[in-house]
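Worksheet for the structure shown next.
Where a number appears in this text, it was derived from the coordinates with a stated rule and is not lab data. Everything quoted here is computed from the prediction, not taken from an experiment. All Cβ positions, glycine included, derive from the backbone under ideal geometry; neighbour counts span all protein chains shown.
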Amino acid sequence: MDLSFSKKHYKNVSANLWLLDVLKDSVVANEIIDESHLFVKTLRPGLCVACKGARFLCGKTRCPIIVRANFYLKSIPLMQSDDIEGTSPPSIFVGRIGYPYVYAGPLVPPVKADTSFYDLPEHWFGKSIDEIVGFRSLLIRGKHRVHVERFEEAGKIIEATRELAFAVKPVDVELILKKKPRGYIILDDEVQPFGPSAPIKELKIGNVAWDNQIEKVHYDTDLKAAEAVLELYNRGVLVTKIQRAFSVGAFGLGKNRRLVPTRWSITAVDSIISKYLMDKIRFLPEMDEYRVYESQYLDNLFEIVMLPGKWSYESIEAWYPGTVWNPYGKSVIMYSDWEGYDGRSTYAQIGGCYYAARLAVCEHLVREQRQATVIVLREAHPGYIMPVGVWQVRENVRNAMRQKPYIFKTLEDMLKFLAGRFRIPIQKWLIKSVLLKNALFQKKITDFLKP
Amino acid sequence: MNGMFKFRVSNAKLLRDMVAAISILVDEATFNVTPEGLGLRAMDPSRVAMVDFEWPKTVFEDFICTEPTKMCINLGELLKLIRRTVKDEDIELSMDEKTGKLQVKITGKYVRSFTMPLLEASEEEVPTPKIPFNVRAKAATDGLQGAIEEAGLVSDHVRIEADSEKLVLQAAGDIMGATITFQKGSTVLLDLEVKEPSKATFSLNYLSEIMKAASATSDIVTLEFSTDMPIRLDFHQAIGGKLAYYLAPRIESA
């Protein structure tokens, strides 16, 4: 499903204009919306036309088209000016399309206040989808085309954008755009949502108080990027802040520095830190009991299973029909990936959430000074109508790790408990899980050594 | 305390392949060095597989060991140092008494000498499992390796079964399946002794890693197994000595 509001004139879309009828009830909409701006693109137009957001025929608990349209209406006032004055949280975005020529620039809300909360997913846990999408959709994205390796000579706009990524607190920004911002709220499984965008004409930023710790590793051009990330992490710098600086090429050997698309930098930082933690975990004593940690947020249920044994990790996601990545299916879809004791060298198929959850469980094992076989089981229910970014997985699993675990003496008892927590039958999880099957069926040499 | 040792292999490839074959299961390996030779027995971190290795001193060009001692090294690191060697180069491993480090000296067209740390040796002495094997099959390593790779195309585990006439590999994946049959006396299955028909299921991950690494050291492998017991794969060493693996079965009771 894709909903776009576009200036382009589409032919043969009259059947799709039902959304306009729905929105006509709204006063604002009546005044501003031009019919040619509005276009609903969906794989099952017939179903949406019949439903018109009222009957939830697609199985979701709310109509994502209507929800998005409401956010669109709210952001219409934002699109009335090409001169945005506001306080950046700070926040920046580096796109991936066209790599190595990418669009980079700041995210600025038309709000003068302490906006730091707008870009700190570490503090969002517990907020509703509406709240999060609400403040994120205020963030207007200025964009400027730049070659990822030639950011030094890309001029003042990129210089100012990079400086924002080093700021320790919100910065006053005047963002002058070449035209009024356009577009719709961007929703992505990896990246936090943000609002409309436009190319930058001029970018003026107020005084920037640099983050001392980031500044220190930034000026060390002999320090490798991965080492810089770890140094900051060990000094307690938030993962979000490391990711932000990482994406503007703040770290690494001088000659290797480059801009990194925001999506990639999020996963890169999750992966670098968890790899480092795994190197510690492999030397820790093994857990001697079966544990289940639990957390539920934004209609995503996480059950994190820890089994006695050496470090290994698996992540399985089950998407209900009607959820973001399984909008039209009739049955639950499950994706999974895993790694053994030695870790992995290929990119996990299921994407950034694999690494975000791995980071959260590794942090916990290091705190506990134990190693274990860890399986992250995620059941996404139909209430999860819009993706909000991979932080949801990181913070949801971190929240699970803060809870008191359910503890079991045997694998069988643990599986019985799990069966009662999930809506999906436990057999389906077992069929999908390499590590649970191993725990159940794979014997050890020691089982055959007589004491 | 560590005793002194020094040994030299005139064909670097032998040592390189052997280190590679052991390193698929263990990273930090504790070797027993005795006046009779070099040996190691160790399990992988998840204790699903075991490697049992021995090289008598006759394998070596020179072999000096004054008293039994343990040599614990990181095989991944050693492998990096000797990866570029070729077969007419010679490798000497010795303990540097002054520094307590391992010295790796490679002599070919030129001489290079590396030092690497000796790690704290594991005190754990693992026995091999005592299993009454009902099947004993002798196979050509490359033929069996090929079959294991083929089974890996459809599944992540394989059932190995034998009766007096044949050895069969049966793999069943989610959507695909494979059956591979070796008749007794074929060019791959050189010999087959069956006390009673047996079958057991094993992880193809482990099997294919073992076959791939060990086939560099050996042309002939002897398989021994019984129903739902560990399998033993003994790779015949033309130069003498032993390289054998044990792999625990998967038992799907449910």
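With contacts taken as Cα pairs under 8 Å at a separation of at least 6 residues, segment B:135-247 carries a relative contact order of 29 percent. The distance separating the Cα centre of segment A:72-132 from that of segment B:1-42 comes to 60 Å.
Between the exposed loop cleavage positions of chain A, defined as chymotrypsin sites (Phe, Trp or Tyr not before Pro) in a non-H, G, I, E, B DSSP state with at most 12 neighbouring beta-carbon atoms within 10 angstrom, the longest gap is A:1-218. Overall, chain A carries a charge dipole of about 1000 debye about its Cα centre when +1 sits on the Cβ of Lys and Arg and -1 on the Cβ of Asp and Glu, all other atoms neutral.
For segment A:206-219, backbone phi angles converted through the Karplus equation (6.51, -1.76, 1.60; θ = phi - 60°) give residue-by-residue couplings of x, 5, 10, 8, 6, 6, 4, 5, 5, 4, 4, 6, 5, 7 Hz, Gly and Pro being listed as x.
Annotation note: trypsin sites (Lys or Arg not before Pro) in segment A:294-393 located in DSSP loop regions with a Cβ neighbour count of at most 12 within 10 Å are A:K330. Ordering A:A225, A:P110, A:Y335 by Cα displacement along the dipole of chain A toward the positive end leaves A:Y335 in first place; charges were set at the Cβ atoms of Lys, Arg (+1) and Asp, Glu (-1). Taking θ as phi - 60° and the Karplus parameters 6.51, -1.76 and 1.60, the scalar couplings of segment B:100-111 work out to x, 9, 8, 10, 10, 10, 10, 10, x, 5, 9, 10 Hz in sequence order, x denoting glycine and proline.
Against the longest principal axis of chain A, how steep is helix A:411-421, in degrees 0 to 90 to the nearest 10, with axes from Cα atoms? Helix A:411-421 and the main axis of chain A meet at about 30 degrees. Over 27 Å apart at the Cα level, from the set B:K13/B:K199; A:K156/A:K178; A:K224/B:K13; A:K224/B:K87, are B:K13/B:K199; A:K224/B:K13; A:K224/B:K87.
Comparing B:S46, A:L359, B:G76 along the charge dipole axis of the protein assembly as shown, the residue lying farthest to the positive side is A:L359, per the Cβ-charge model.
A crude spin-label estimate for the pair B:T66 and A:F56, with each label 7 Å from Cα along the Cβ direction, gives 8.2 nm. Computed from Cα positions, the angle between helix A:156-165 and the longest principal axis of chain A comes to roughly 40 degrees. Of the beta bridges in the protein assembly as shown, as assigned by DSSP with both residues counted there, near 90 percent are antiparallel.
In plain terms, the residue of A:T115, A:T346, B:T181 with the fewest other Cβ atoms within 10 Å comes first and the most crowded comes last, giving A:T346, B:T181, A:T115.
Look at the stretch B:42-54: the mean tally of other chain Cβ atoms within 10 Å of its residues' Cβ atoms is 4. Tell me the angle of helix A:391-402 to the major Cα principal axis of chain A, expressed in degrees between 0 and 90 and rounded to the nearest ten. Value to nearest ten degrees: 40. Scoring B:19-25, B:152-158 by mean Cβ neighbours within 10 Å over their residues and listing the highest first yields B:19-25, B:152-158. Where in segment A:117-209 are there trypsin sites (Lys or Arg not before Pro) that are in a DSSP coil and have at most 13 other Cβ atoms within 10 angstrom of their Cβ? Filter output for segment A:117-209: A:R150, A:K178, A:K179.
Classify chain A: rounded, prolate or oblate, from the alpha-carbon gyration tensor (a ≥ b ≥ c, eigenvalue square roots; a/c under 1.5 rounded; otherwise prolate if a/b is larger than b/c)? Oblate, since a/c reaches 1.5 and b/c is not below a/b. One Cα centroid belongs to segment A:335-351, the other to segment B:85-163; the line between them spans 26 Å.
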